[in-house]
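Presented below is the structure to which this report refers.
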Amino acid sequence: MTHPDVPLQQLASDNYAGLCPEALAALAQVNHGHEPPYGQDRWTAEACDRFRELFETPCEVFFVFNGTAANSLALASLCQSYHSIVCHRLAHVETDECGAPEFFSHGAKLLLAEGHDGKLDPASVEQLITKRGDIHYPKPKAISLTQSTELGTVYTSAELHAIHQVARRHGLKLHLDGARFANAVAALGLTPRALTVDCGVDVLCFGGAKNGLALGEAVLFFDLAAAEEFAYRCKQAGQLASKMRFLAAQWLGVLKTGAWLRHAAHANHCAAVLEAALRELPEVELMFPRQANAVFVQLPETVIAALHRRGWRFYTFIGVGGARLMCAWDTHEETVHAFVADLKTELRIAQ
Ligand SMILES: *Cc1c(COP(=O)(O)O)cnc(C)c1O
């Protein structure tokens, strides 16, 4: 049973939020009559075209149920079983996918690189790629980046270009985990194309669930050859939706209206408001630059426990620890202020 004092909204994760009105309305719009299944319907075709428009380039588009499937199947399509994938030590593919990238690629190994603020350091990537060249080591074949990152930071386009240079020098493919890609686009104010195709990204997993969809991540192959037979891979993995129109429709709803970007910008804005309020509190230490919709802070254990007792939910195990406070497409500024008010009270008590 819900306690009456439990806050209506949480700052635990952007997937605590429901569907945005644009995605919800689009579901109703396509819920008419009979349509061919498995992505053969007109809505899916239209959604794919919208992505090509948005990214200003030809691309192959697929819809899968979640981000783990999107990432691991995309990576599997870039790699043979004897290959390796360079990613950040804190990457979701490494820490939160239960070995799915290794499983679906039949054994491709993740090589863990370093870098400040959750971002790959090109020198660390290069070192991993070049440290061995013999037959006894899995051959590096792809680099996986997360944008925005697991620590709520954002790669600039210059940083993406630097990673691309390394990839190009060594003939590696580039995968982008874009569970929060929209937040990065909103934060940087650049076009989706500038942050992907123009930086050499071969495949983007574009997240919808954390930005107002119920489910359904889009996998966009800018490297058209890599998309060959991807549909079979999805089907075999149990990731081919028979009523695909309902995945595609939600995307259409947010793409046609521009809501995908508006919602992400709103989430980023709320996180900026939260950051500003937290900066006023000398006891609270911000852990990373707040660049998208997450704020990481160090709080005393007793204060964390007290906030949890007040009904606030948030994670303390993500990245390198600390409290992760995440804003969503529908976060109210009142929620942010209510959290900060409770935090202030608890900090005072703890002193
Ligand atoms: C949420 C998230 C995903 C996708 O997770 P699923 O629960 O499988 O949908 C992928 N990458 C990052 C960085 C995420 O935060």
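Each reported figure results from applying straightforward, stated rules to the coordinates on display, with no laboratory input. No experiment lies behind these values; they were computed from the predicted model shown. So basically every Cβ, Gly included, is an ideal-geometry build from the backbone, and we count neighbours across all protein chains shown.
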Exercise. Largest first and to the nearest Å, give the Cα extent of segment 298-337 along each principal axis.
Key: 27, 23, 13
Exercise. Against the globular-protein guess of 2.2 N^0.38 Å, express the Cα radius of gyration of segment 90-175 as a ratio, rounded to two decimals.
Key: 1.07
Practice problem: Please grab the % of Cα pairs in segment 129-175 that end up more than 12 Å from each other. | Solution: 67 percent
Quiz prompt | Cysteines having no other Cys beta carbon under 4.7 Å from their own, within the chain | solution = Cys20, Cys48, Cys59, Cys79, Cys87, Cys98, Cys199, Cys205, Cys234
Quiz item: With labels modelled as points extended 7 Å from the Cα through the Cβ direction, what inter-label distance (nm, one decimal) is found for Thr302 paired with Ala25?
Solution: 5.1 nm
Quiz prompt | Amide H within-cut-off set for Leu111, under 5 Å, with H built and near neighbours excluded | solution = Ile85, Val86, Cys87
Quiz item: Using all Cα-Cα distances in the chain, what percent lands in each 10 angstrom bin from 0 up to the longest?
Solution: 6, 25, 32, 24, 12, 2, 0
Practice problem: Grab the alpha carbons of segment 164-245, take their convex hull, and tell me the volume per residue in Å³. | Solution: 114 Å³
Self-check item: Cα-projected label distance for Tyr38 with His332, points at 7 Å along beta-carbon direction, nm
Solution: 4.7 nm
Quiz prompt | Inter-label distance for Ser81 and Ile135, nm, one decimal - labels placed 7 Å from Cα along Cα-to-Cβ | solution = 1.8 nm
Quiz item: Evaluated at 10 °C with a viscosity of 1.306 mPa s, what Stokes-Einstein diffusion coefficient in µm²/s does segment 82-138 have when Rh comes from the Kirkwood expression over alpha-carbon pairs?
Solution: 134 µm²/s
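Quick one: dipole size for the chain, taken about the Cα centre, charges +1 on Lys/Arg Cβ and -1 on Asp/Glu Cβ, in debye to the nearest 20.
In total the dipole reaches around 360 debye.
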Quiz item: Taking each full run of DSSP H in the chain as one helix, which ones are at least 15 Å long along their axis (Cα atoms) and have mean Kyte-Doolittle hydropathy of at least -0.5?
Solution: 67-78, 245-257, 259-279, 333-350
Quiz item: Which value in deg cm²/dmol, rounded to the nearest 500, describes the helix-derived mean residue ellipticity at 222 nm for the chain, given -39,500 (n - 2.57) per DSSP H run of n ≥ 4 and division by the residue count?
Solution: -12500 deg cm²/dmol
Self-check item: Solvent-free Debye scattering, log10 I(q)/I(0), computed from the Cα coordinates of segment 103-230 at q = 0.19, 0.21 Å⁻¹
Solution: -1.15, -1.36
Quiz prompt | Those chymotrypsin sites (Phe, Trp or Tyr not before Pro) in segment 246-351 that DSSP places in a loop and that have at most 11 other beta carbons within 10 Å | solution = Phe317
Practice problem: Sort largest first and round to whole Å: the equivalent ellipsoid semi-axes of segment 32-130, each the square root of five times a Cα gyration tensor eigenvalue. | Solution: 33, 16, 12
Self-check item: Calculated over segment 218-351: convex hull of Cα atoms, volume per residue (Å³)
Solution: 166 Å³
Quiz item: Is there a pair in Lys139/Lys256; Lys210/Lys243; Lys139/Lys210; Lys139/Lys243; Lys141/Lys243 whose C-alpha atoms are over 31 Å apart, and which pairs would that be?
Solution: Lys139/Lys256; Lys139/Lys210; Lys139/Lys243; Lys141/Lys243
Quiz prompt | Computed Rg/Rh of segment 11-72, alpha carbon atoms with Kirkwood Rh | solution = 1.01
